[in-house]
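Taking it in order: structure first as structure tokens, then the write-up.
The values are calculated or read from the model by the stated rules, or taken from the named source; none is laboratory data. These numbers were taken from a predicted model, which means no experiment stands behind them. Because the Cβ atoms are built from the backbone with ideal geometry, glycine has one as well, and the counts that use them run over all protein chains shown.
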Amino acid sequence: MTLTVDLHPTSLIDLAGQDGLQGAIALFGAQVNRIAPFQSTSVQWQGVSGSLLRLCENNFRLRWQGDETAMIGALQSAAGSIWVRSLPWLTAIAYPAAILDDLVIPITPTPPHQLTGLPLHCAAVGRLEGRSLLVWHYGLDGQPVVELQMAAVDQGIISRLLGDATHG
Amino acid sequence: MVAIVESTPAEDLSAPLGQIVAEYRIAPGTAIAYPVQAGQYLQILDVRGSQCSDFLAFAAADVSEELDSTVTRTLNNLAIPTIGLHGKYFSNRMRPLVEVIQDTCGRHDSFVLACTTKYYEDAGYPGHPSCSDNFNGVLQPYGIAPRPGWAAINFFFNTTVDDSGAIASGESWSRAGDYVLLRAHEDLLCASSACPDDIDPANGWQPTEIHVRIYDQGESFPKAIGRRATAESGLRLTQPSAFTPCIQRLTQDLSDYNGFWVPNRFTHHGLHDEYWALRERVVLMDLSALRKFEIAGADALPLLQQVFSRNVAAFAVGQSGYGCLLNRHGGMVDDGIVFRLGETEFRYVGNCDSDGDYLRRVAEQLGLRVTLQPVSDRWHNLAVQGPESRHLLRSLTEFAPASGLNALEDLGYFRFAAATIGGIPVVISRTGYTGELGYELFVHPRHGADLWQRLMTAGQPFDLLPMGMAALDRARIEAGLLAPGIEFDELVSPYQAGIGWAVAMKAKADFIGRAALERIKPYPPRVAVGLVLEGNEVACQGQCIHPPGDRGRIGQVTSATFSPILNRSIAMAQIVPDYADLGTRLEVGVMDGMKRRMAATVGPLAAFDPQKSRVRI
């Protein structure tokens with residue numbers, strides 16, 4: 001069985017909207033304005049760490065290691081026109097980045113994304129036997145991980161498929 | 001399933017693109033069904049021009065899966081797929097059935113049904129044959145139930161949807177021999193028509209033949225869009241530059257720009273990453289899509305003095321200048337840079353193949369003795385831009401002795417010289433399109449890949465990134481630099497576009513368009529300004545500009561973006577002069593201009609570094 005990385009008690013928080021970028025800058029600083037869609041950066045707020053993934057000009061996803069409710073409240077009050085929420089239909093599985101190359105073999109990237117050699121702090125979208133995945137390579141607690149985000153309903157089948165794939 | 005259709009070699013068409021495995025001639029006003037295997041190529045040719053050909057495709061394994069125009073539009077976010085990243089036609093199960101590989105027409109329809117009996121009946125032609133009925137007939141042997149109207153992809157059918165939502169159609173744009181080339185993603189049953197519509201202009205009032213060629217799976221055809229630069233010129237397919245093979249190793253996100261494949265953004269980097277590399281370090285860009293012309297002879301200078309807005313007589317050899325080609329009513333034919341190579345030799349670098357025709361025509365009209373040669377195929381060019389560009393190039397550059405230059409620092413703004421970069425012969429020019437210190441390197445295509453690699457390697461200590469068009473567009477809007485077809489065309493004067501400074505009104509007594517520009521200059525119909533918007537929403541090209549609280553329009557946005565370095569939403573706009581004073585408060589109309597407005601303040605055309613201090617360092 002492939003060893004997964006325990007994501008508990010971290011949480012995934014999405015923010016989006018016309019002022020999404022400004023909300024992220026207000027909390028995490030101007031570095032947020034330097035990453036492109038499908039790139040991420042390590043962030044800190046009140047001494048707690050997280051990783052922030054940019055999805056488009058104003059939409060971001062945060063892997064947050066602190067209190068989820070406090071972060072949602074802080075982001076909501078950081079800028080005017082944004083929504084902040086933890087998406088109930090989205091889930092994730094994380095693996096040590098050491099197995100990244102093997103892990104992505106059965107995943108078909110959606111052009112123009114590429115999964116081969118996915119650098120740290122980069123993400124890409126693809127499909128595993130027709131099921132959509134977002135593959136994100138970032139640092140968690142100082143360790144590089146590869147996180148696969150997927151629809152919650154697909155978690156079981158994707159786990160099985162990846163288990164098969166990573167063990168030949 | 002096998003279509004029962006006679007194969008007919010074509011003698012009235014250009015040579016096949018490759019090994020043909022089957023070909024079909026569709027008689028005017030009829031349709032055929034035919035199989036295509038996975039990997040095979042399917043070429044649909046308009047034999048005589050102006051003829052529409054509606055197209056259906058079904059998965060051979062299960063004909064309930066069929067090409068779906070609505071799915072195709074939705075997944076591509078395009079009215080019709082275009083060659084490249086968004087070139088696939090999808091099925092009702094969202095799987096790609098075919099992909100467009102080449103297209104020499106560029107105007108097709110995916111919105112309306114193949115013509116129907118009802119269309120003709122309503123127009124007073126009961127019993128008129130229709131594509132839909134013809135499809136019903138040829139698909140019946142395959143067990144496919146008839147439909148009153150088929151939602152086909154209508155190749156060569158010229159339709160548009162206007163702002164009111166009305167769908168208009170007109171004569172097909174296609175000329176004799178125009179074609180689309182598709183590649184099948186799986187085994188298919190296809191159907192194609194030669195549309196029978198003779199009661200409106202769709203087929204030029206005269207239905208003619210369509211020809212279909214099927215090519216072997218082993219063929220490999222380059223992806224390309226065919227364009228004609230002028231009414232008389234031949235087709236030109238999208239071409240790679242000398243640098244494209246290197247670029248394709250770094251991104252799949254390329255699109256046709258001005259007849260060349262150019263990258264939009266690079267894998268694992270992207271717009272913002274590339275943008276910041278430009279503003280803070282150094283980037284490498286392929287700008288080979290620019291068009292180059294050499295103008296020489298005793299009258300080369302008089303010709304340029306007539307057609308180019310700047311006073312070229314004042315350029316020293318080794319000096320260049322930005323300006324525009326003018327027409328008689330003061331409109332901008334194109335913008336570009338004239339390089340003075342010698343006393344009677346010049347190079348013009350602009351955007352359009354048709355610039356050469358224009359220069360030639362003016363020379364003939366004025367009886368000027370010049371030789372004019374398009375040299376775009378001899379000079380491909382890279383831009384090295386960013387504050388570290390000089391540091392990067394310093395150690396690589398060796399100037400030709402005749403240039404009289406010893407070090408890169410000696411090369412002034414808008415100066416150029418022959419040199420070598422890492423031993424590769426180039427013309428190095430201190431010019432750019434980014435608002436940053438930068439250089440452009442013109443190189444023979446045979447050295448292009450080598451030059452790219454050397455610069456990428458030498459750029460590693462500077463954290464150089466290749467930059468795509470997405471980041472370039474953001475940078476040029478910040479710098480207030482014009483884009484052809486967006487900020488200007490032949491109906492827009494340089495005073496409206498914001499480059500009135502590039503018109504040598506005082507230095508040149510006579511030039512093309514001068515009389516018109518003398519009238520326009522005191523009060524142009526509109527003038528170019530920069531806008532800084534309140535809030536973070538980004539404006540769109542074409543959005544109307546209003547005085548605060550006023551329903552009336554005073555201009556429109558030409559380009560807009562979110563400036564990362566200013567952390568503001570900015571725009572370039574053209575507005576009536578009365579409202580163009582710096583600091584004037586205006587509103588940008590969102591949607592219909594009434595539901596919502598965005599407040600904006602008039603500023604300089606270049607929101608970032610309006611004094612151009614960075615390029616002059």
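Observations, loosely collected:
- The lone criterion from (1) buried (at least 21 other Cβ atoms within 10 Å of the Cβ); (2) closer than 23 Å to residue B:244 by Cα left unmet by residue B:425 is number (1).
- Tally, over region A:64-93, of residues that are away from chain B (no Cβ under 14 Å) and either touching a Gly at 6+ places or on another chain (Cβ under 6 Å) or part of a loop (DSSP other than H, G, I, E, B) (or both): 10
- Residue that is farthest from residue B:274 (Cα to Cα) [pool: residues in region A:25-50 that are within 14 Å of chain B (Cβ to nearest Cβ), out of contact with any Leu (no Cβ under 7 Å at 6 or more places or on another chain) and small (Gly, Ala, Ser)]: A:26
- For region B:252-291, the set of residues classified as over 20 Å from the mean Cα position of the chain (by Cα) and hydrophobic (A, V, I, L, M, F, W, C) consists of B:276, B:277, B:278, B:282, B:283, B:284, listed by residue number.
- Pairs, first in a loop (DSSP other than H, G, I, E, B) in region B:502-513, second among the acidic types (Asp, Glu), C-beta under 8 Å, six or more apart: B:505/B:518
- Count - residues of region B:456-476 that are closer than 23 Å to residue B:567 by Cβ, more than 17 Å from the chain's Cα centre (by Cα) and among the hydrophobic types (A, V, I, L, M, F, W, C): 3
- Residue tally, condition over 18 Å from residue B:190 (Cα atoms) and either within 12 Å of another protein chain (Cβ to nearest Cβ) or crowded, with 18+ Cβ neighbours inside 10 Å (or both), over region B:71-80: 3
- Looking only at region B:412-431, residues that are of a type outside the set (Val, Ile, Thr) and either under 22 Å from residue B:450 (Cβ atoms) or outside the structural domain of residue B:456 (by the TED database) (or both) come to 8 in all.
- Cross-chain or 6+ apart pairs with Cβ under 7 Å, region B:516-533 first and of a type in the set (Ser, Thr, Tyr), then in a helix (DSSP H, G or I) and surrounded by 15 or more Cβ atoms within 10 Å (Cβ to Cβ): B:523/B:577
- In region B:251-279, residue nearest to the other protein chains (Cβ to nearest Cβ) [restricted to those that are outside any helix (DSSP H, G or I), touching a Phe, Trp or Tyr at 6+ places or on another chain (Cβ under 7 Å) and buried (at least 21 other Cβ atoms within 10 Å of the Cβ)]: B:270
- Exactly one residue out of B:224, B:229, B:202 is over 18 Å from residue B:24 (Cα atoms) and at pLDDT below 95, and it is B:229.
- Hey, residue B:334 touching a residue at least 12 places away in the same chain (Cβ under 8 Å), charged (D, E, K, R) and either touching a Leu at 6+ places or on another chain (Cβ under 9 Å) or buried (at least 23 other Cβ atoms within 10 Å of the Cβ) (or both) or not: yes
Here's the yes/no breakdown for (1) under 23 Å from residue B:161 (Cα atoms); (2) crowded, with 16+ Cβ neighbours inside 10 Å:
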site: B:91; (1), (2): no, yes
site: B:102; (1), (2): no, yes
site: B:105; (1), (2): yes, yes
site: B:108; (1), (2): yes, yes
site: B:116; (1), (2): yes, yes
site: B:120; (1), (2): yes, yes
site: B:124; (1), (2): no, no
site: B:131; (1), (2): yes, yes
site: B:147; (1), (2): no, no
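- Residue within region A:100-116 that is free of Cβ contacts under 8 Å to residues at least 40 places away in the same chain and in a helix (DSSP H, G or I) present: yes
- If you go through region A:1-32 and keep only what is more than 25 Å from residue A:94 (Cα to Cα) and buried (at least 20 other Cβ atoms within 10 Å of the Cβ), you end up with A:19, A:20, A:21, A:22, A:23, A:27.
- Of all the listed residues (B:441, B:451, B:481), the sole one being surrounded by 22 or more Cβ atoms within 10 Å (Cβ to Cβ) and part of a helix (DSSP H, G or I) is B:451.
- Qualifying residue in region A:94-105 (condition: of a type outside the set (Asp, Glu), over 19 Å from residue A:147 (Cα atoms) and within 14 Å of chain B (Cβ to nearest Cβ)): no
- Candidate set: region B:213-248, residues that are of a type in the set (Ser, Thr, Tyr) and closer than 15 Å to residue B:41 by Cβ; chosen: the one surrounded by the fewest Cβ atoms within 10 Å (Cβ to Cβ): B:220
- Screening the candidates A:110, A:116 for the property of being touching a Gly at 6+ places or on another chain (Cβ under 6 Å), within 14 Å of chain B (Cβ to nearest Cβ) and either surrounded by fewer than 16 Cβ atoms within 10 Å (Cβ to Cβ) or modelled with pLDDT of 95 or more (or both) yields one hit, A:110.
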